[in-house]
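A short write-up of the structure that comes next.
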Amino acid sequence: MMHTDTAFSTPPVPFNKPFFSAKAQTYIAQALAGGSVSGDGAFTKKCHAFFESRYGFPKVLLTTSCTDALELAALLIGLQAGDEVIMPSYTFVSTANAFLLRGAKIVFADSEPERPHLDASKLEPLITPQTKAIVPVHYGGTACEMETILALAKRYDLFVIEDAAQSIDSFYNAPLHKSVPQGSLGHLSTFSFHESKNITSGEGGMLVINDDRFQKRAEIIREKGTNRSAFFRGEIDKYGWMDIGSSFLLSDILAACLYSQLEILDDIQQRRRAVWQTYFEALLPLEQAGRVRLPVVPTYTAQNGHLFYLLCHSLAERTALIEHLKRRGINAVFHYQALHVSPYFRAKHDGRPLPHAERYTDCLVRLPLYAELSLGDASRIAEAVCAFFSR
Ligand SMILES: *Cc1c(COP(=O)(O)O)cnc(C)c1O
């Protein structure tokens, strides 16, 4: 009765689905019962300790979101109106907004021909005396080619802020750096714990401070421009207004949720990587037949099972594929719309064509990927993709 490619025993497959342990409720209840539910409570401290010890980050601060961590980073590097910040066009709006809010001029760069990542080999001509920072975005939790970016930053005295929103538990393995966690090479790095990421507190983020010149001021800006953090540590006997700032602390209720996720991080990662691998192996014949392109993962980067994409040949083909999968109860989705041609930025862009960013805008499609997706369902989703291309 049913066609084989519609034979899902389960309800429609969502694109994403957060995966919580029973401890999430226990810890949230503990945070509520403890009475200290604003920022920097007991669970925030546990999360900070986890990230600093597991990944060797010198200093981390939980924030309300990755967007806010990026805004905090933009405040920290002291941007002036007219300063220029280079970043990929193929990214989330927050990467750009954070620096625009400081009056910076955004200079969008193209993606690599083979991957959606910032093409480091094309950056140098974009650097001017006004350039203050480069913001690599580690798309899908696989790293940008950091060697070139770090060398340029050194030569031209620029800040590097890694948008590592998707990079939790992912590594960079270049010769100069052995194997370091993504997010540990820039002066500052930002992570996201939004519902759509591998681990989540609903909304949430983190600033990683690798350059200790920023440590003290980061705490102050995050605490509305006050030295309240030092006061709570007993280092000073009253606190006051020291600098500009905003409210970037994550509530300890959400930190409690995040801590429950950190306890099952290895389980989540293992499950997600298995789904990624299942897709990759099942779709390899399609790539070999020239029908799609699969993710390229250079040897210098690990991938953390954050997302699985494939590249179609055209927007029309991608639209038809998404429609084909939707009819079979599978929610596949496209991703970023290149920012240099967005309704907001189009007229501000300097007109350079960024053909690869535009190609990923039109041709990239992401398949469902979450910890609870069974490998059987992943195989059936891959079969549904193959069925589309064998029509
Ligand atoms: C998710 C994401 C963000 C924003 O994260 P929020 O925590 O939702 O603010 C920023 N940049 C990239 C690359 C992202 O994937």
| field | Selection status of Phe108, in contact (Cβ under 8 Å) with a residue 60 or more places away in the chain and open to solvent by less than 10 Å² (accessible area, probe 1.4 Å) | value | yes
| Within segment 114-142, can you find the residues that are of a type in the set (Ser, Thr, Tyr) and either farther than 30 Å from His313 by Cβ or crowded, with 24+ Cβ neighbours inside 10 Å (or both)? | Thr128, Thr131, Tyr139, Thr142
| Yes or no: Leu76 under 14 Å from Thr190 (Cα atoms) and surrounded by 24 or more Cβ atoms within 10 Å (Cβ to Cβ)? | no
| query | Does Tyr239 qualify as being more than 14 Å from the ligand (Cβ to nearest atom) and either in a loop (DSSP other than H, G, I, E, B) or out of contact with any helix residue (DSSP H, G or I) (no Cβ under 8 Å at 6 or more places or on another chain) (or both)? | reply | yes
| message | Taking the condition of being under 13 Å from the mean Cα position of the chain (by Cα) and either under 22 Å from Gln215 (Cα atoms) or of a type in the set (Phe, Trp, Tyr) (or both), how many residues in segment 168-197 meet it? | response | 8
| Residue match in segment 173-184 (condition: farther than 30 Å from Arg271 by Cα and of a type in the set (S, T, N, Q)) | no
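Might you let me know whether segment 356-376 holds any residue that is part of a helix (DSSP H, G or I), of a type in the set (Phe, Trp, Tyr), touching a residue at least 12 places away in the same chain (Cβ under 8 Å) and in contact with a Ser or Thr (Cβ under 8 Å, 6 or more places away or on another chain)?
Yes, segment 356-376 contains at least one residue that is part of a helix (DSSP H, G or I), of a type in the set (Phe, Trp, Tyr), touching a residue at least 12 places away in the same chain (Cβ under 8 Å) and in contact with a Ser or Thr (Cβ under 8 Å, 6 or more places away or on another chain).
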| query | What pairs come up if the first residue lies in segment 223-245 and is on the phi > 0 side of the Ramachandran plot, the second is loosely packed, with under 14 Cβ neighbours inside 10 Å and of a type in the set (A, V, I, L, M), and their beta carbons are under 6 Å apart, counting only those six or more places apart or on different chains? | reply | Gly225/Ile244
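Quick grid of which residues meet (1) small (Gly, Ala, Ser); (2) open to solvent by less than 50 Å² (accessible area, probe 1.4 Å); (3) within 30 Å of Ala387 (Cα to Cα):
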site: Asn227; (1), (2), (3): no, yes, no
site: Ile236; (1), (2), (3): no, no, no
site: Ile244; (1), (2), (3): no, no, no
site: Glu263; (1), (2), (3): no, no, no
site: Gln269; (1), (2), (3): no, yes, yes
site: Trp276; (1), (2), (3): no, yes, yes
site: Pro295; (1), (2), (3): no, yes, yes
| query | Cβ-Cβ below 7 Å, separation at least six or inter-chain, first residue in segment 111-130 and acidic (Asp, Glu), second part of a helix (DSSP H, G or I) and surrounded by fewer than 21 Cβ atoms within 10 Å (Cβ to Cβ): which pairs? | reply | Glu124/Leu152
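What about Leu315, is it open to solvent by 10 Å² or more (accessible area, probe 1.4 Å) and at pLDDT 95 or above?
yes
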| Residues satisfying the stated conditions in segment 161-198, i.e. outside any strand (DSSP E or B), more than 10 Å from the ligand (Cβ to nearest atom) and of a type in the set (A, V, I, L, M, F, W, C) | Ile168, Ala174, Leu176, Leu185
| message | Could you go through segment 88-100 and let me know if any residue there is small (Gly, Ala, Ser), without any contact (Cβ under 8 Å) to a residue 60 or more places away in the chain and more than 16 Å from the ligand (Cβ to nearest atom). | response | no
| message | With closer than 20 Å to Pro181 by Cα, away from the ligand (no atom under 16 Å from the Cβ), buried (at least 17 other Cβ atoms within 10 Å of the Cβ) and of a type outside the set (A, V, I, L, M) as the only criterion, which of Glu145, Glu84 stands out? | response | Glu145
| field | Residue within segment 199-215 that is open to solvent by less than 30 Å² (accessible area, probe 1.4 Å), within 16 Å of the ligand (Cβ to nearest atom), modelled with pLDDT of 95 or more and more than 19 Å from the chain's Cα centre (by Cα) present | value | no
| Out of (1) closer than 24 Å to Glu195 by Cβ; (2) without any contact (Cβ under 8 Å) to a residue 40 or more places away in the chain, the odd one out for Tyr279 is which? | (2)
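Yes or no, residue by residue, for (1) within 23 Å of the chain's Cα centre (by Cα); (2) more than 15 Å from the ligand (Cβ to nearest atom); (3) touching a residue at least 12 places away in the same chain (Cβ under 8 Å):
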{"residue": "Ala31", "(1), (2), (3)": "no, yes, yes"}
{"residue": "Phe57", "(1), (2), (3)": "yes, yes, yes"}
{"residue": "Thr67", "(1), (2), (3)": "yes, no, yes"}
{"residue": "Gly103", "(1), (2), (3)": "no, yes, yes"}
| field | Failed item, numbered, when Ala218 is tested on (1) within 16 Å of the ligand (Cβ to nearest atom); (2) among the aliphatic types (A, V, I, L, M); (3) open to solvent by less than 30 Å² (accessible area, probe 1.4 Å) | value | (1)
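The values are calculated or read from the model by the stated rules, or taken from the named source; none is laboratory data. Bear in mind that the values here come from a model prediction, so they are computed numbers and not experimental data. Virtual Cβ from ideal backbone geometry, glycine too; neighbours counted across all protein chains shown. Just so you know, the surface numbers come from the protein's heavy atoms only, side chains and all, with ligands and any DNA or RNA stripped out. Shrake-Rupley method; radii C 1.70, N 1.55, O 1.52, S 1.80 Å.
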